[in-house]
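The values are calculated or read from the model by the stated rules, or taken from the named source; none is laboratory data. Quick caveat, the model's predicted, so the values are computed rather than measured. Here the Cβ is made from the backbone with ideal geometry for all residues, glycine too, and neighbour counts use every protein chain on show. These area figures cover heavy atoms from the full protein model, side chains too; ligands, DNA and RNA do not enter into them. Shrake-Rupley method; radii C 1.70, N 1.55, O 1.52, S 1.80 Å.
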Amino acid sequence: VGAAGLSPAEAAFALSGVGWGISRVIQGEAPVARSPLSAPLLLLVLALVPGIAIVPEPFDVLKVFLIWGTFFLVFQMIIAEGSMQTVKYVLFVLGLSGAVVGIIAIVQSGGRPPELIGFGELATGRAQGSFGHPNTLATFEAVALPGALALGLKGPPSWRPFALAAFGVIFAGLALSLSRGGLLAVAGALLMMLAWPPFRRTVLAAGLVL
């Protein structure tokens, strides 16, 4: 979409969030639903505001601010109007998307792991998947992986084989990206899942592998 560089999917996503927020205001309701995560996520979005004033290319930061602001509104929409089944569907689709991206990364790398040079100071052959940078691939996979694992262990029985397979492929794509940030993000997510008894043993094993 012009200079904004938005894909059709990003534009549709943004319109969904903004449209829902406007409709809530028109109805006399706040576009913020009650949730333990609402305030932290809002602070994360607002933390981008100072960057708009100090970076050399403020437009890039403004785009990130608008996209993450849209994420916030869509998250509020799911809390306010969705159900547990809605959340399961979102996690399942996200897991399958992560698996597709992981397969692309595996095919691109030919199954060969990245090579470290000079005690790990440089790395060659890092997978990028369908993105333009290994760290972007790792970010997406890190978001998709915990949900795929949760559904693989405690989701609907017919979904579990697909979710566990997606978890394995996502894990492989993340490993091939050799992104320290992505690996730390997944480690943090798995650490939080240790607090849930249904996932504790499997998550502990996955954390040791990671």
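For VAL107, which of the numbered conditions (1) aliphatic (A, V, I, L, M); (2) open to solvent by 70 Å² or more (accessible area, probe 1.4 Å); (3) within 27 Å of LEU164 (Cα to Cα); (4) touching a helix residue (DSSP H, G or I) at 6+ places or on another chain (Cβ under 8 Å) fails to hold?
Result: VAL107 fails condition (4) only.
Are any of the residues in the range 97-119 acidic (Asp, Glu) and at pLDDT 90 or above?
no
Determine the pairs where a residue that is farther than 16 Å from ILE79 by Cα and modelled with pLDDT under 90, located within the range 9-25, has a partner that is assigned to a helix (DSSP H, G or I) and open to solvent by 50 Å² or more (accessible area, probe 1.4 Å) with Cβ atoms under 8 Å apart, the partner being 6 or more residues away or on another chain.
Close Cβ pairs (under 8 Å, with a partner that is assigned to a helix (DSSP H, G or I) and open to solvent by 50 Å² or more (accessible area, probe 1.4 Å)) amount to ALA14/LEU66.
From the set of residues in the range 17-42 that are within 18 Å of the chain's Cα centre (by Cα) and within 20 Å of LYS63 (Cβ to Cβ), which is least open to solvent (accessible area, probe 1.4 Å)?
Taking the candidates together, the pick is GLY17.
Note down all Cβ pairs under 6 Å where the first residue falls in the range 164-193 and is under 11 Å from THR139 (Cα atoms), the second is open to solvent by 40 Å² or more (accessible area, probe 1.4 Å) and among the charged types (D, E, K, R), and they're at least six residues apart or on different chains.
These pairs meet every condition: SER177/ARG126.
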